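**Q** Submitted below is the structure of interest, expressed as structure tokens.
We did not get these values from a lab; they are worked out from the coordinates using the rules stated. Only a predicted model underlies this, so the values are computations on that prediction, with no experimental measurement involved. Cβ sites come from the backbone with ideal geometry, for glycine too, and all protein chains shown count toward neighbours.
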Amino acid sequence: MKKLNMRTVWLGLAFILVLAVLCFFIGFFFSERTSNSDHIMPPAAENGTTEAPTATAPVLTTSPLVSGNAQVPANSTSVNILENDDIVPLPEAVTISINENEWYLTLVNDWYKMPADYEVVSANAAPGSDVKLDYRVAEAYTAMYNAAAADGLYLTPYSGLRSYSRQEINYENKTQLYLSQGYNETEARALAAMVIKPPGCSEHNLGLAMDIIDTADNFYTTKEYAWLMENAADYGFILRYPKEKQYITRVEYEPWHWRYVGVEHAKAIKASGLCLEEYLQAIGKMPVPLAQG
Ligand SMILES: [Zn+2]
């Protein structure tokens with residue numbers, strides 16, 4: 001009797017072990033398949049033809065932060081925009097007026113877009129790189145690049161300023177990809193915008209943001225990322241799309257995307273734990289729509 005019980009116990013344990021191993025591999029398989037989203041198109045993939053279609057599309061939920069109506073859920077860290085079946089349609093983006101005195105606080109996202117004819121004066125972002133940024137941001141980036149280099153780390157520019165027309169092509173390609181997967185127009189546009197913003201809605205169109213080194217999902221595990229988390233604010237840069245703010249930004253976690261806001265605001269944002277949308281709301285600097293006529 002006792003012998004039989006022991007045998008049953010061992011069999012049970014073996015069964016649980018096999019089950020656990022199986023679950024691990026299934027989980028690993030699916031995370032590999034769904035974690036290849038890119039906010040930017042690397043040069044080789046810019047025509048949209050070299051990118052493998054993802055089997056499962058990311059899905060949006062939740063009410064986003066909009067001008068004059070900041071709603072931040074109390075349990076903000078637990079909201080994940082990828083965990084719900086509802087796809088929230090893209091809002092109609094309002095064209096904003098860019099305040100030249102506070103150009104570094106310009107907010108573009110799914111709700112606000114820059115004027116299509118806004119001209120960025122650009123400069124190379126770092127020594128030996130032809131990746132460009134707004135010339136004022138390039139100066140700050142070069143300083144940051146040199147400081148990191150002195151610590152033995154190279155914040156190699158990967159993607160900076162991107163033209164309005166390039167953005168339009170990238171966004172249309174991404175939308176087409178989702179259409180080809182059977183999503184309708186509204187769904188496809190909303191899903192595409194989570195990884196590539198519509199033209200004028202990307203900080204890359206303003207030359208205010210840099211994708212650093214690459215757009216690998218595991219960039220957050222690198223020494224360069226740790227350095228940025230520690231020091232970037234001293235040069236005016238913030239992590240623009242934190243993981244726990246996806247429900248506000250409507251952008252997937254992008255550890256590689258660093259946005260210039262000036263040293264004072266970067267330090268304040270870092271200390272506050274707010275994302276840019278929340279911070280601008282808090283200090284009363286949300287965008288002003290461009291006057292018509
Ligand atoms: Zn980016």
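**Q** Which pairs break 30 Å Cα to Cα here: Lys174/Lys270; Lys113/Lys267; Lys223/Lys285; Lys245/Lys285; Lys132/Lys270? Intermediate results must be reported in sequence, preceding the final value.
**A** Values: Lys174/Lys270 32 Å; Lys113/Lys267 25 Å; Lys223/Lys285 34 Å; Lys245/Lys285 19 Å; Lys132/Lys270 25 Å.
With Cα atoms farther than 30 Å apart: Lys174/Lys270; Lys223/Lys285.
**Q** Note down the net charge around Lys132, summing +1 for each Lys or Arg and -1 for each Asp or Glu among other residues with Cβ under 15 Å from its Cβ. Walk me through the intermediate numbers first.
**A** Working: positive: Arg136, Arg162, Arg166; negative: Glu119, Asp130, Asp134, Glu139, Glu203, Asp211.
Residues near Lys132 contribute -3 overall.
**Q** I need Val261, Val94 ordered by Cβ neighbour count within 10 Å, fewest first.
**A** Lowest count first: Val94, Val261.
**Q** While we're here: Can you sort Cys275, Cys201 by how many other beta carbons sit within 10 Å, fewest first?
**A** Cys201, Cys275
**Q** Sorted by mean Cβ packing within 10 Å, highest first, what order do the peptides 190-198, 99-107, 224-232 take? List each step's numbers first, then the result.
**A** On the way: 190-198: 23.9, 99-107: 15.4, 224-232: 17.2.
Peptide ranking by packing, descending: 190-198, 224-232, 99-107.
**Q** If each residue's Cβ is checked for other Cβ atoms within 10 Å, how do Glu264, Glu168 rank with the fewest at the top?
**A** Values: Glu264 11, Glu168 15.
Least crowded to most crowded, the residues run Glu264, Glu168.
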